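The values are calculated or read from the model by the stated rules, or taken from the named source; none is laboratory data. Quick caveat: nothing in here was measured; it's all calculated off a predicted structure. Here the Cβ positions follow ideal geometry from the backbone for every residue, glycine too, while neighbour counts run over all protein chains shown. Calculation scope for accessible area: heavy atoms of the full protein, side chains included, ligands and nucleic acids excluded. Shrake-Rupley method; radii C 1.70, N 1.55, O 1.52, S 1.80 Å.
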Amino acid sequence: MISPKYFICLLLTIFLFGIPGSEASSDSYQQIRADYQSLVKSSQQQRQRTNWEKIIKRLDRFARQNPNYAKSENIYFLKAKTWHGLAYASGATADARKARDAYLLVADRYPASSLADDSLFRSADLSEELLSDFPAAYDAYRRVVEDYPTGDMFNRAKKRLAGLPVPKDAYLISRVHGENSRIDQLRFWSGPDKTRVVLDLDNKVKYKANLLKGKNPRLYIDLWQAESGSSVSPTISVNDGLLRQIRTSRYDKERMRVVLDLFQLQDFKVFALDNPFRIVVDVIGKRLQMAKKSQPELRALPQQSDQSIAGILERHPSVNQAPLHVPQQQEDEGIKLIVVDAGHGGKDPGAVGPNRTREKDVTLKMAKYLAEQLRKELKCEVRLTRSDDRYLKLRDRTSYANKVDADLFISLHANANKNRKAYGLETYFLNLAKNNQAAEVAARENGTTLEEVSHLEAILFDLMANAKINESSRLATEVQQAMVKGLKPHYSDIKDLGVRQGPFHVLLGATMPSVLVETAFISNHREEKRLNSSTYQKRVASAIVRGVKNYAATLEQVAKR
Ligand SMILES: [Zn+2]
């Protein structure tokens with residue numbers, strides 16, 4: 001019971017402050033946009049800084065409270081426009097920078113959206129008109145011209161571009177985030193007449209290359225506002241007759257320096273590629289004959305159908321010829337460490353069932369059961385990417401597995417479909433999608449659109465150089481078979497949807513065999529109920545353990561041959 005005194009207090013509180021959160025949850029995007037429109041119409045209201053800031057705050061809150069809002073790019077675009085308006089009203093450089101960053105965020109996060117080229121153009125306009133930052137303006141106009149040749153901003157951007165001086169630096173961009181970019185990986189491979197080095201970064205950077213000629217020529221690349229990831233070793237020896245070694249170190253407070261110590265060289269090329277951002281360095285020249293190759297090589301990729309990575313490489317002969325360097329390639333010594341990944345978490349609930357069951361909660365429970373049983377049955381070490389309800393970026397999940405040098409990576413999920421009748425179990429491994437359904441599942445798990453999935457496929461081929469496609473496909477097969485076999489005796493309607501392949505962000509970049517398991521359909525009433533029961537969770541876990549055991553057994557057979 002509640003005492004009368006307390007009750008009056010409560011009433012007073014509600015009267016004075018409103019029901020906590022009520023304003024926030026009733027705020028709609030349409031309402032915010034309408035208020036923005038009346039603000040830009042009233043020159044009197046525009047003079048008040050707080051009027052602009054209120055709109056920005058409401059948009060931020062709306063974005064936070066509606067993480068699955070279908071047209072989220074509209075929220076961020078409107079936010080950028082609000083900063084833009086404030087920048088004109090205040091004349092403050094800081095506001096103009098905020099506006100520019102907000103536009104670039106839309107362009108970077110939603111490259112397939114029709115707002116992307118508008119955002120780039122507006123960011124360029126701001127750089128030119130309000131910030132006098134001509135290199136940044138040049139870069140953004142260039143992106144409109146190169147990336148959106150059929151967009152409605154093309155002609156205007158081209159005209160503006162012609163009126164700007166070409167920046168001296170090869171590639172200059174304004175940064176979207178305040179924090180440092182991170183070098184996640186350094187890769188290289190040796191072709192007949194060149195050695196290619198790729199710096200994989202988690203974000204764009206400004207960079208500049210320089211050549212020091214002489215007896216011991218060196219090529220160095222300075223990266224501004226960058227840092228080196230923990231998996232990048234300070235010195236990587238190459239010794240392929242062209243390139244001696246790659247050294248990475250901090251040059252000064254601002255810059256990281258990557259030095260390529262060369263045997264000799266005729267020419268070099270440095271360029272950047274987007275999505276994901278990477279800097280490519282080609283060292284061109286005649287190779288010195290080396291006594292012995294010091295690095296393991298993979299000369300041929302696994303045989304796959306034409307849709308596969310191997311098929312794509314076939315169509316890129318220059319890439320195909322190059323022997324690929326495979327980091328961490330070593331003798332199989334069995335399975336010592338497994339990373340289990342509970343899908344989604346924190347602000348990302350994953351799919352939500354008809355009775356509001358959240359994928360992130362189910363996957364966490366299952367992951368814990370799976371870890372426990374794997375430890376017991378396989379006597380190996382198991383680590384979880386998360387052991388509580390927290391948000392993790394997709395790429396951080398595999399980089400964690402790479403960092404701890406895991407032998408297997410298993411990501412747990414629950415499936416969803418608009419058709420509530422859909423049900424069953426399926427297991428995925430990383431490859432190009434073979435059909436539209438697989439692409440749709442990938443789009444949902446990636447949190448992106450179908451368009452972005454096809455864009456992702458186009459750039460997959462160089463990311464997948466290190467993916468263990470054959471092993472992953474074998475692991476997926478064993479896990480899928482074991483799940484069907486293990487669950488059928490206990491439940492009616494266990495449907496085997498089979499092993500599939502798709503371009504999943506969460507599997508991208510993993511250097512060990514890795515699979516994604518869709519343990520049931522959370523969108524189906526019957527299966528949602530099962531997902532909620534700890535009995536089902538434990539049974540799925542022990543079935544997966546069975547599958548991993550079978551996979552390990554085939555590994556041993558391969559090793560004995
Ligand atoms: Zn999922």
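With the structure loaded, tell me whether Ala70 is farther than 15 Å from Tyr36 by Cα and not aromatic (Phe, Trp, Tyr) or whether it fails that test.
yes
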Handout entry: Any hit, the range 398-420, residues being over 28 Å from Glu528 (Cα atoms), open to solvent by 70 Å² or more (accessible area, probe 1.4 Å) and in a loop (DSSP other than H, G, I, E, B)
Key = yes
Problem - In the range 406-416, the residues that are away from the ligand (no atom under 11 Å from the Cβ) and closer than 19 Å to Tyr536 by Cβ - result: Ile410
Handout entry: Selection status of Val352, within 13 Å of the ligand (Cβ to nearest atom) and closer than 19 Å to Glu445 by Cα
Key = yes
Handout entry: Cβ pairs under 7 Å, 6+ apart, first in the range 411-426 and assigned by TED's automatic domain parsing to the domain that holds Thr363, second open to solvent by 20 Å² or more (accessible area, probe 1.4 Å) and hydroxyl-bearing (Ser, Thr, Tyr)
Key = none
Completion exercise
Within the range 39-98, restricting to residues that are acidic (Asp, Glu) and within 24 Å of the chain's Cα centre (by Cα), the one that is least open to solvent (accessible area, probe 1.4 Å) is Glu73
Fill in the blank from the handout: Residue set Val339, Val362; condition outside any loop (DSSP other than H, G, I, E, B), surrounded by 17 or more Cβ atoms within 10 Å (Cβ to Cβ) and either away from the ligand (no atom under 16 Å from the Cβ) or at pLDDT below 50 (or both); output residue Val339
Handout entry: Residue in the range 379-393 that is surrounded by fewer than 21 Cβ atoms within 10 Å (Cβ to Cβ), part of a helix (DSSP H, G or I) and within 15 Å of the ligand (Cβ to nearest atom) present
Key = no
